1. Let me confirm something: among 152, 124, 128, 142, which residue is in contact (Cβ under 8 Å) with a residue 60 or more places away in the chain and either in a helix (DSSP H, G or I) or more than 29 Å from residue 18 (Cα to Cα) (or both)?
2. Could you list all residues from region 96-129 that are surrounded by 13 or more Cβ atoms within 10 Å (Cβ to Cβ) and within 18 Å of residue 26 (Cβ to Cβ)?
3. With the structure loaded, tell me whether residue 43 is surrounded by fewer than 22 Cβ atoms within 10 Å (Cβ to Cβ), under 30 Å from residue 107 (Cα atoms) and at pLDDT 90 or above or whether it fails that test.
4. Right, residue 14: over 29 Å from residue 73 (Cα atoms), within 22 Å of the chain's Cα centre (by Cα) and in contact (Cβ under 8 Å) with a residue 24 or more places away in the chain or not?
5. Any residue at all in region 219-231 that is over 30 Å from residue 105 (Cα atoms), under 21 Å from the mean Cα position of the chain (by Cα), surrounded by 14 or more Cβ atoms within 10 Å (Cβ to Cβ) and modelled with pLDDT under 85?
6. Quick one: in region 134-165, which of the residues that are in contact with a helix residue (DSSP H, G or I) (Cβ under 8 Å, 6 or more places away or on another chain) and at pLDDT below 80 is farthest from residue 49 (Cα to Cα)?
7. In region 1-30, which residue that is crowded, with 22+ Cβ neighbours inside 10 Å and in a helix (DSSP H, G or I) is modelled with the lowest pLDDT?
8. Kindly indicate the residue of region 80-95 that is free of Cβ contacts under 8 Å to residues at least 12 places away in the same chain and part of a helix (DSSP H, G or I) and also surrounded by the most Cβ atoms within 10 Å (Cβ to Cβ) among those meeting that condition.
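The values are calculated or read from the model by the stated rules, or taken from the named source; none is laboratory data. Please read all numbers here as calculations on a predicted model, not as lab measurements. Cβ atoms come from the backbone with ideal geometry, glycine included; neighbour counts cover every protein chain shown.
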């Protein structure tokens, strides 16, 4: 379990769990891996919406093109993971930075790791990559959602049964029924569900920014950040389990 404490220009990570048995370095590596998976989950959600809209207008791209797109999309998160490993400072420096900002803080046996100065490139790139894209990605997802639903409504009457079935599976739009040869949209719960997921990521980012900018610091915010961020990869697979139906 992680909690995050912005302390001036420092960023301190509290780790409670198995990683503490292996020391701060193990916890920090685990933290870096977790962050890069979280950032990639957000990009992956965006790609899924873009792809869904794309195939409504053009034929699916070739397998080679898909692998290339996947690699390009993953590259920033991979670079983040590798570069962020260099941002770790010694536990003594991290403790000093923490207690300088919050003298009354109690460690309670937690393992500390972190970065003394987030203005270093490796730390700053990770922070910017985790925070700045959230809002434009969320807006793009909402725009694509609207276009997908509108395109299905406009094109339903011209689709064959097989095409309708394919899009029902691929677009995971629930309760799209074929009645008298017409593809009728009763609801778009699945697309709405997936479009709402980045909201939790955004709340986590805002909670972090509130502490890092010195607007307000509270113990609850330290746990809200990761609690919200973790909901993104947890909720995404549920869309498949809940909304995809075997035809």
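1. Numbers: 124 fails: in contact (Cβ under 8 Å) with a residue 60 or more places away in the chain; 128 fails: in contact (Cβ under 8 Å) with a residue 60 or more places away in the chain; 142 fails: in contact (Cβ under 8 Å) with a residue 60 or more places away in the chain.
Unique residue meeting the criteria: 152.
2. 110, 111, 112, 113, 114, 115 - these are the residues of region 96-129 that are surrounded by 13 or more Cβ atoms within 10 Å (Cβ to Cβ) and within 18 Å of residue 26 (Cβ to Cβ).
3. When the stated conditions are applied, residue 43 does not pass them.
4. Values: over 29 Å from residue 73 (Cα atoms): yes; within 22 Å of the chain's Cα centre (by Cα): yes; in contact (Cβ under 8 Å) with a residue 24 or more places away in the chain: yes.
Judged against the criteria, residue 14 is a match.
5. Going residue by residue through region 219-231, those that are over 30 Å from residue 105 (Cα atoms) are none.
The answer is no, given that none of the residues of region 219-231 is over 30 Å from residue 105 (Cα atoms), under 21 Å from the mean Cα position of the chain (by Cα), surrounded by 14 or more Cβ atoms within 10 Å (Cβ to Cβ) and modelled with pLDDT under 85.
6. Of region 134-165, the ones in contact with a helix residue (DSSP H, G or I) (Cβ under 8 Å, 6 or more places away or on another chain) are 134-135, 137-138, 140-142, 144-145, 147-149, 151-152, 156, 159, 164.
Filter once more, so that each one left must be at pLDDT below 80: 149, 151-152, 156, 159, 164.
Details: 149: 11, 151: 13, 152: 14, 156: 19, 159: 21, 164: 18 Å.
Top of the filtered list is 159.
7. Result: 27.
8. So the first thing to find is which residues in region 80-95 are free of Cβ contacts under 8 Å to residues at least 12 places away in the same chain, and the list is 82, 90, 92.
Narrowing the set further to residues that are part of a helix (DSSP H, G or I) leaves 82, 92.
Values: 82: 12, 92: 9.
Taking the candidates together, the pick is 82.
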